[in-house]
Amino acid sequence: MNTYKFLIALFLVSTFSVFSQTPTDYLGKEFHKSRREALRAKMPANSVAVVFANPLRNRANDVDYMFHQDPNFYYLTGYREPNGVLAMFSENQTDADGTTYNEILYVQKRDARAEQWNGKRLGVEGAKNELGFKVAFNAEAFINTTIDFKKFDRIFIEKFNDDYRNSNREKAEIYDLVRSFKEKAAYNPKNFLSPLKKQIYEMVKATPIENSANVAQIIGRAVAYDPSLKKDTDLMQYKEATSDKVKKDLQQKISLKLDAKTNIDVSFLSSNLATLREVKTAEELKLLTKAVRISAIGQVEVMKAMKPHMSETELQGIHEFVYKKYGAEYEGYPSIVGAGNNGCILHYIENNKTKVGNDLVLMDLGAEYRGYTADVTRTIPANGKFTDAQKAIYEIVYKAQEAGIAAYKIGESMAKPNQIARQITNEGLYKLGIIKSVDEKHPYFPHGTSHHIGLDVHDPGNYGNFEENMVVTMEPGIYIPDGSNCDKKWWGIGIRIEDDILVTKNGPINLSAEAPRTVKEIEKMMAKKSVLNDFVLPNLDD
Ligand code: GLY
Ligand code: MN
Ligand code: MN
């Protein structure tokens, strides 16, 4: 090659690499493969799992919301496009032409016109090369498949929410794929029990009659959660029954209903994927830690930048700017920035107060980095200084959080931090005269403290005992909205402190510790200068 040609080639290569600079730190194909293998190891003989991609959601007219993959589907495949299906088999299958396989990924078809408008698709080749599937087809092949689903002893699916539209934009969109599957598998929701019903029936079956009052109580709570259970007359009679004989007959009747009338099972995937997903691998921890650190640094920058004249929206924007600066794609959930009384609305996402004034500002936000989301909350005084009343409540929440975090130990019950935090909160509220006794039922701490984070902000899990490499939030809070039944000086104070805790052999590690938490540290950080002080834009209101 002469020098001239070499320089042209170099130019083309470097131009290409400039334009192809996309993130390379997504989970690798080996990760997803290992997760499929771990799931397959749990599948009984002669079973198949069929997992669908999330649908695209329409925002308005011809504009859709940003697509977000179903986390279970992503965990198993790494595929980030809509209109996909994964079929996984417990044993090798053989095709008519002699090919053997134990998994197939169906993906949306390459389409030059669609790709010109909406971006590149992986297609079958990409599914093979980039995601590592030996067998991949266009999604249309799922509709025409000759796989006989009825021949399997068990078909594992996730519960269909049936909340997608037929947009008619693709020949094989998720609407068509699900419909086709339902026909092939003779899917009839009347034939299987919902996961909740199944759980309750199993409890009824396993519980001796002398302990049936406990189950009756659990049924009562389940009905409050899912009122459709009221239609289950056997269950309702069991709940109300007083005679042991009646209870025993009903127990038998209910136990019989557990015998499957169908090979379709909507519980297996959710419970086994929860078991897998609740413990993070090293590769996941790397991404999750990054998401958490980005979110904590966002809190730091806002602490420095916050001024009473700023709006909730503007503060939200500063957090989210920091996320983007680090290359985080999205927010893991709608950002919550609430000043004063707005901080008492747990999932306040309007964020539309135009001046935060001298109130406390509760900020619950999490960056999503390569699919993994943080969940970090700080509550800070807009003018940089806590009032005595704000400080008194803050110190209770802080103490509750610290004591709760200390219980994030391998083998400890995951319910423990919540109990500890609740006790400290009740004692604190009592000492301040906000409640009349430590046992008083009060509305000021209406949520639990601990949930897994991961691909979902509320990641699935079994909520038994803490295990190594779980990442779980610790988020006590006290919310005293205007008009509460206590001294007015407490009104409009809403405080939550939320950190993301990694459980290790050497004890808990607070992954979000970079964001100050104590009153002193927060006030010190807020006194620092922010580069955003000098970021002044033209006034458009005159
Ligand atoms: N951001 C939602 C939660 O704290 O659970
Ligand atoms: Mn949370
Ligand atoms: Mn949160």
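The values are calculated or read from the model by the stated rules, or taken from the named source; none is laboratory data. Every value quoted in this text rests on a predicted model; they were computed, and no experiment measured them. All Cβ positions, even for glycine, are placed from backbone atoms using ideal geometry, and neighbour counts span all protein chains on display. Protein only, heavy atoms only, side chains kept; ligands, DNA and RNA dropped before computing areas. Shrake-Rupley method; radii C 1.70, N 1.55, O 1.52, S 1.80 Å.
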*Can you give the translational diffusion coefficient of the chain in µm²/s, computed by Stokes-Einstein from the Kirkwood radius over Cα pairs at 25 °C and 0.890 mPa s?*
93 µm²/s
*Heavy-atom accessible area per residue - the chain, 1.4 Å, Å²*: 51 Å²
*Multiply the residue separation of LYS489 and ASN188 by 0.36 nm, subtract the distance between their alpha-carbon atoms, and state the gained length in nm to one decimal.*
102.6 nm
*With charges only on Cβ, +1 for K and R and -1 for D and E, what is the dipole size of the chain about its Cα centre, in debye, rounded to 20?*
460 debye
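Got a sec? What order do VAL337, VAL438 fall in by accessible area at 1.4 Å, biggest, i.e. largest, first?
The residues order as VAL438, VAL337, largest area first.
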*Answer with one residue from MET526, PRO460, SER167: the one whose Cα lies farthest towards the positive end of the charge dipole of the chain, charges on Cβ with Lys, Arg +1 and Asp, Glu -1.*
PRO460
*So what does the Cα-only Debye profile of segment 22-73 read at q = 0.13, 0.15, 0.24, 0.30 Å⁻¹, as log10 I(q)/I(0), no solvent term?*
-0.53, -0.66, -1.02, -1.17
*Net charge dipole size for segment 427-494 [Lys, Arg +1 and Asp, Glu -1 on Cβ; Debye, nearest 20]*: 500 debye
*asked:* Can you report the principal axis dimensions of segment 378-467 using only the alpha carbons, biggest first, rounded to whole angstrom?
replied: 39, 34, 22
_Three-way shape call for segment 60-106 based on the alpha-carbon gyration tensor, with the a/c threshold at 1.5_ = prolate
*Sort largest first and round to whole Å: the equivalent ellipsoid semi-axes of segment 467-506, each the square root of five times a Cα gyration tensor eigenvalue.*
35, 7, 7
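Run lengths n ≥ 4 of DSSP H only: what is the helix-derived mean residue ellipticity at 222 nm for the chain, with -39500 (n - 2.57) per run over all residues, to the nearest 500? Write down the numbers at each step before the final one.
Values: 17 runs with 203 residues, N = 542.
The helix-only estimate for the chain comes to -11500 deg cm²/dmol at 222 nm.
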*To the nearest whole percent, what portion of all C-alpha pairs in segment 221-261 is separated by more than 16 angstrom?*
41 percent
*How much of the accessible area of segment 352-447, in percent, comes from carbon and sulfur atoms when a 1.4 Å probe is used?*
51 percent
*Would you please put 116-127, 323-334 in order of how densely packed they are, using the mean number of other Cβ atoms within 10 angstrom per residue and starting with the highest?*
323-334, 116-127
*Over segment 150-226, with every protein chain in place, what whole percent of the accessible area is carbon and sulfur at 1.4 Å, could you tell me?*
45 percent
*Using Cα pairs under 8 angstrom and six or more residues apart, how large is the relative contact order of the chain, in percent?*
11 percent
_Exceeding the 27 Å Cα-Cα cut-off - candidates LYS391/LYS441; LYS120/LYS325; LYS488/LYS529; LYS324/LYS399; LYS205/LYS280_ = LYS488/LYS529; LYS324/LYS399; LYS205/LYS280
*Which of the helices in the chain meet the span-like rule: DSSP H, Cα axial reach of 18 Å or more, Kyte-Doolittle mean at least -1.0?*
3-19, 212-225, 282-305, 312-325, 388-405
*asked:* Taking R0 as 60 Å, what FRET efficiency do you get between THR354 and ASN129 from their Cβ-Cβ distance, rounded to the nearest 0.05?
replied: 0.70
*Could you size up the charge dipole of segment 133-256 around its Cα centre, putting +1 on the beta carbon of Lys and Arg and -1 on that of Asp and Glu, and report it in debye to the nearest 20?*
160 debye
*With contacts defined as alpha carbon pairs under 8 Å and 6 or more residues apart, what's the relative contact order of segment 133-276 in percent?*
36 percent
_Rg [Å, one decimal], Dmax [Å, integer] - segment 243-389, C-alpha atoms_ = 22.9, 70
*Cα-projected label distance for ASN383 with PHE67, points at 7 Å along beta-carbon direction, nm*: 5.1 nm
_Peptides ranked, highest mean first, by Cβ atoms within 10 Å: ranges 315-322, 293-300, 530-537, 139-146_ = 293-300, 315-322, 139-146, 530-537
*Mind checking the full-extension length gain between VAL536 and THR281? Use 0.36 nm per residue of separation minus the Cα-Cα distance, one decimal, nm.*
87.4 nm
*Translational diffusion coefficient, Stokes-Einstein: compute it for segment 495-542 using the Kirkwood radius over C-alpha pairs as Rh, at 20 °C and 1.002 mPa s, and state it as an integer in µm² s⁻¹.*
150 µm²/s
*Starting from the Kirkwood radius over alpha-carbon pairs of segment 397-542, derive D by Stokes-Einstein at 4 °C in a medium of 1.567 mPa s and give it in µm² s⁻¹.*
75 µm²/s
*Report, please, the projected area of segment 61-166 averaged over directions, based on the convex hull of its C-alpha atoms, in nm².*
8.3 nm²
